[in-house]
Amino acid sequence: ILGRGGYLNSGMARLVQKVRVSQELVECLRAVVPGITEEQLNRVQSEYQERVGHIGPDTVIGLVPNLAASRVANRLDLGGPAYTIDAACASSLIAVDHACSDLARGAADLVIAGGVHLTHDVTFWSVFCQLGALSRQGTIRPFSADADGLLIGEGLGAVILKRLEDAVADKDTIHAVIRATGVASDGREASVMNPSVDGQLLALKRAWSTLDLDPKSPDTIGLIEAHGTATQAGDAAELSTIAKFFGGPTDSTDADDAKRPVIGSVKSQIGHTMPAAGIAGLIKAAMAVREGVLPPTLHCTAPHAGLAATRFRTIGTAEPWKSDSPRRAAVNAFGFGGINAHIVLEEHASASKIQVTIPAQPIDAPEALPECLFLARVTTAELLVALDAGETDTQSGTARLALLDPSSERRAK
């Protein structure tokens, strides 16, 4: 079950160019070029369509949203349901919610759930530009006082979910346990650009109502992986939701700031990956509870004013997660248009109790794996020359290529 939007991507744009734009080009030429022949028009159309690129059965996979899920089921020989969900930015957490329901009622014994967003087409960016949601600074700053909008990222992620007793019996590696999920809509009180605090609260209440835990207790939660889009309306609404549900600062947390739980957003590091945003946050939170590390959020030197009403803090560098109770985290994904998802995660008893040592300096970027080819040149023409010549020296430049399994066939394509 995968979260994926039916947005205009580069494949869809090419299809529109090949079918509709090529015909419009012919009609324009017929109107403005006196004496042009049908043979010449057909030649122009054919050459234009050839330059657009190949459209065939293999490229349809990128055009039909559900094939993202059904082809995975085909390749892995899975016999259960295989479908995609479009709930905007909440899509992948809604997929996880569906998966948990199927597991709980015995409709499946194992579910792959996640999300995908591979749409860096200029038309998609233009939508958010027209909405005024993009950062004019060119930096996404969740929960920062100077946040001015989001940046769009790409990515895909998935988790394998099983009933806990089955995973234990099968001796699986258990990274984290999903304790609860909650989903709600904003209803009529919200607009497209202004989310509803009441709708977000309802999702949180539905998740925590199934748990014998007090969300306002100091030891209940150590981390919130927030939606954190870095838009003023979005961050303000989410912080208000968190303050109302988890409570405000207390004397004990005021006295020792290090004991305050942490709030953050992976979007500060990878951008807003739209339908895949929730699964990115879930994976980050699962690794945090497993490893005992409170992960940082970038670009938040001056916190949003709404953070002061909560009992949470942001951190700029990773910290050991010290807790006498099971490490517990919550993940938010609030979809554009008013659908909200909330998931509560907890460490499993098999997780190591040893606190991880945080490196004093940032870890260097890893060297390229042998099965990956990374090339960068100043111009696209130079890049193509290097590719055709079989060069492997990465170098630098704004024309860049990353190629998995760089066989001669893939180099040619």
TODO: Take the alpha-carbon centre of the stretch 43-62, take the same for the stretch 124-164, and report the distance between them in whole Å.
DONE: 31 Å
Task: Distance between modelled label sites at Ser396 and Thr379, nm, 7 Å Cα→Cβ extension - done: 2.0 nm
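Checking the table Lys216/Lys259; Lys162/Lys284; Lys162/Lys322 against a 21 Å threshold on Cα-Cα, which pairs fail?
Working: Lys216/Lys259 14 Å; Lys162/Lys284 19 Å; Lys162/Lys322 28 Å.
Over 21 Å apart, Cα to Cα: Lys162/Lys322.
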Task: Stokes-Einstein translational diffusion, the stretch 134-252 - Kirkwood Rh over all Cα pairs, 1.306 mPa s, 10 °C, in µm²/s - done: 93 µm²/s
Open item on the list: At a 10 angstrom cut-off on C-beta neighbours, averaged per residue, how do the peptides 31-42, 307-318, 124-135 rank from highest to lowest?
Closed with: 307-318, 124-135, 31-42
Task: Two-site FRET efficiency, Ala233 against Asp121, from Cβ-Cβ distance with R₀ of 22 Å, rounded to 0.05 - done: 0.30
Open item on the list: In Å², and per residue, what accessible area does the stretch 1-104 have when probed at 1.4 Å with the other protein chains present?
Closed with: 57 Å²
TODO: Please report Rg over Rh for the stretch 147-199, where both radii come from the alpha carbon positions and Rh follows the Kirkwood definition.
DONE: 1.17
Task: Extension gain (nm, one decimal) between Ala308 and Glu27, 0.36 nm per residue minus Cα-Cα - done: 95.1 nm
- [ ] Would you work out what percent of the accessible area of the chain, with all protein chains in place, is carbon or sulfur (probe 1.4 Å)?
- [x] 56 percent
Open item on the list: Output wanted: per-residue J couplings in Hz (rounded whole) for the stretch 76-82, from phi through Karplus 6.51 cos²θ - 1.76 cosθ + 1.60, θ = phi - 60°, x for Gly and Pro.
Closed with: 8, 6, 8, x, x, x, 9
- [ ] Quick one: which residues, 5 or more positions from Ala230 or on another chain, have an amide H under 5 Å from its amide H? H modelled 1.01 Å from N in the peptide plane, none for Pro or chain starts.
- [x] Phe143, Asp235
Open item on the list: Tell me the per residue accessible area of the stretch 177-234 using a 1.4 Å probe; a whole number in Å² is fine.
Closed with: 47 Å²
Task: Degrees separating the helix 277-291 axis from the principal Cα axis of the chain, which is the longest one - done: 40 degrees
Task: Crossing angle, helix 22-32 versus the chain [Cα axis fit, 0-90 degrees, rounded to tens] - done: 50 degrees
TODO: Over the alpha-carbon set of the chain, divide Rg by the Kirkwood Rh and report the Rg/Rh ratio to two decimals.
DONE: 1.02
- [ ] Identify which of Ala305, Ala276, Ala147 has the largest mean-square fluctuation in a Gaussian network model of the chain, with springs joining Cα atoms closer than 10 Å.
- [x] Ala305
Task: 222 nm mean residue ellipticity, helices alone, for the chain (DSSP H n ≥ 4; -39,500 (n - 2.57); rounded to 500) - done: -9500 deg cm²/dmol
Task: Separation of the Tyr83 and Lys259 label points, Cα + 7 Å toward Cβ, nm - done: 4.9 nm
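Which net charge results when you count Lys and Arg as +1 and Asp and Glu as -1 among the other residues whose beta-carbon is under 12 Å from that of Ala69?
Neighbourhood net charge equals +2.
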Task: Amide H partners (placed H, <5 Å) of Phe336, local residues excluded - done: Cys89, Ala90
Task: Paramagnetic reach from Met12 in the stretch 118-157 [backbone N under 14 Å; point 7 Å along Cα→Cβ] - done: 118-128
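The values are calculated or read from the model by the stated rules, or taken from the named source; none is laboratory data. Only a predicted model underlies this, so the values are computations on that prediction, with no experimental measurement involved. Quick reminder, even Gly has a Cβ in these numbers, built from the backbone with ideal geometry, and neighbours come from all protein chains shown. For accessibility, only protein heavy atoms count, side chains too; no ligands or nucleic acids. Shrake-Rupley method; radii C 1.70, N 1.55, O 1.52, S 1.80 Å.
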